[in-house]
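Structure record follows, encoded as structure tokens.
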Amino acid sequence: MRDLKIFSGNAHRKMAEEIASHLEIPLSEADVRKFSDGEIFVEIKENVRGTDVFIVQPTCTPVNDHLMELVIMVDALRRASARRITAVLPYYGYARQDRKNAPRVPITAKVVAEMLMAVGVRRVLCMDLHAGQIQGFFNIPVDHLYAAPVVLKYIQEFFGDNVIMVSPDAGGVERTRAFAKRLNSGLAIIDKRRDKPNECEAMHVIGDVQGKTAILMDDMVDTAGTLCAGAKTLLENGAKEVHACCSHPVLSGPAIERLCNSELKSLVVTNSIPLNGEAEKCEKIKVLSVSQLLADAISRIHNEDSVSSLFV
């Protein structure tokens, strides 16, 4: 793998180091910093001519800073004659703005895709997109990974057989059904009505959760309003206890306070986004690493092998 290089911005350097360690190569050096006025400066510290470059950079909080770091790093690497540049986005920021759901609003997920292609990204590796159709916003190859193998292993090991998988809303049914099928468990759905963004009201449960361990499945947790309201509704409908699993721990605003005061027993997340200091102190949050999964995918892309075989 002499012509494979892994770079990282400032979004999640720890994950990039773990991926490089799994691949048994050093993390390549780049100076990514800000000037005093906030402008981002990038300098690639080693020769990348003719190499296959992967930039690990989830576009998490602060989203705009990390997105600009990625764009500028890609430009620097392209001008340094890298053979191919792949953006590794464990978390794709702006993914929830994937359609026009009101007059005169943008489709920002498409704008981000256009930016990445325009600056020189030639392949994208992402994980658990909020909407799978976002892959169609790119005119370049997109490899879409799923954290399911890592999360399923944890559920099988720690929650036993008397579980029921619960979708917190109608939009997540397909994802939750796939987990229920793999676990040979039941499926329930929470009928949720949202009055305004980041606020929701869980109404009632479709399915029998009586006496069972309910596991709420979602792709991300932002303000945690959906999960906390869902947990309360499930317990009112007879669930023995409620846990939650998600891929992306955005955890903004009052999320940690809500989780700590909620009736959720635990929240299982992946390390696609680094936890902030407040979240790290929350005893209910359990972090699973997907670095090995990403490393395997990078190795297969570099060697022109199948990525989908990771999920067979």
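Values in this text are rule-based calculations from the coordinates and carry no lab data. Quick caveat: nothing in here was measured; it's all calculated off a predicted structure. Cβ placement follows ideal geometry from the backbone for every residue including glycine, while neighbour counts extend to all protein chains displayed.
Of note:
- Those aspartates and glutamates that a straight Cα-Cα span of less than 18 Å connects to LYS212, excepting residues fewer than 8 apart in one chain: GLU157, ASP161, GLU236, GLU241, GLU263
- With Rh defined as the Kirkwood radius, the inverse of the mean 1/r over Cα pairs, the Rg/Rh of the stretch 63-174 is 1.07.
- Taking Cα centre as origin and charging only the Cβ of basic (Lys, Arg, +1) and acidic (Asp, Glu, -1) residues, the dipole magnitude of the stretch 97-184 rounds to 280 debye.
- Alpha-carbon centroid distance for the pair the stretch 1-57 / the stretch 70-111, whole angstrom: 17 Å
- For ASP37 and LYS14, the difference between the fully extended length at 0.36 nm per residue and the C-alpha to C-alpha distance is 5.6 nm.
- Dipole magnitude of the chain, debye to nearest 20 (Cβ charges: Lys/Arg +1, Asp/Glu -1, about Cα centre): 540 debye
- Listed pairs LYS192/LYS286; LYS153/LYS286; LYS45/LYS110; LYS14/LYS281; LYS181/LYS284 exceeding 20 Å between Cα atoms: LYS192/LYS286; LYS45/LYS110; LYS181/LYS284
- Cα gyration tensor shape of the stretch 1-88, rounded if a/c is under 1.5, else prolate or oblate by comparing a/b with b/c: oblate
- The residue among HIS144, ALA214, LEU67 whose Cα reaches farthest toward the positive pole of the charge dipole of the chain, with charges on the beta-carbon of Lys, Arg, Asp and Glu, is HIS144.
- Ranking GLY253, LEU288, PRO274 by Cα position along the charge dipole of the stretch 247-288, where only Lys, Arg, Asp and Glu carry charges on their C-beta atoms, puts LEU288 farthest toward the positive end.
- Student exercise, the stretch 183-312 dipole from Lys, Arg, Asp, Glu Cβ charges, in Debye to nearest 20: 240 debye
- Antiparallel DSSP beta bridges within the chain, percent to nearest 5: 20 percent
- Residue-averaged [θ]222 nm for the chain, counting only DSSP H segments that reach four residues, each worth -39500 (n - 2.57): -9500 deg cm²/dmol
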